[in-house]
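Every number in this text was worked out from the coordinates using simple rules, so none of it is lab data. Since we're looking at a predicted model, the values are computed, not measured. Here the Cβ positions follow ideal geometry from the backbone for every residue, glycine too, while neighbour counts run over all protein chains shown.
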Amino acid sequence: MLSKLRSYLVVSTSLILVLGCQSVDLAQPKDNLTFVDSQSFDESMAASLTSNKTPVTIDFYSPITPNAIPPRIDKWMAMAQKSGGKISVTQPEGEPTPKNPMLLLGLFTGLWEVISKLTKEKSSYSMEDSVKNRNVNISLARNPQGNLYVNKIIFEPITGK
């Protein structure tokens, strides 16, 4: 009887210890995220892109200009491009689209540097796996003063893959 009780205690203690060591993903996948420059944003972004087969939209608390995209978002965009996705820019409604795509290169001045850095470092979350088969669309808008800003950034699944 005593040996049965002892083995029951050993098994239950072992089971509790093993279950206590399991990692739990606290980031819940979402279709819409609001950018906050933090590691928790990266975790939410990875969970959302991995779990959702629908577009994931990033909004901002304050307006950012196309030439001042935060480095944390720039990394995600660079990894999407490195993984085969394309980056496109949607002009504000009613405005003509530039005919020369080279004009848009000014938006991504640091993109090459970011790609180079990403190849040298590996993150704890799997950024590359998360953005694989995603295109990035930067949606621009104008405020009442006429200044251009990034309305939202959408990571869209590549269709046909």
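Zone of residue 93 (label point 7 Å along Cα→Cβ, backbone N under 13 Å): which residues in segment 126-156? Residues passing the 13 Å test: 140-142. Backbone amide hydrogens, once placed in the peptide plane, bring residue 158 within less than 5 Å of 134, 135, excluding anything fewer than 5 places away on its chain. Between residue 32 and residue 129, residue separation times 0.36 nm minus the direct Cα-Cα distance comes to 33.0 nm.
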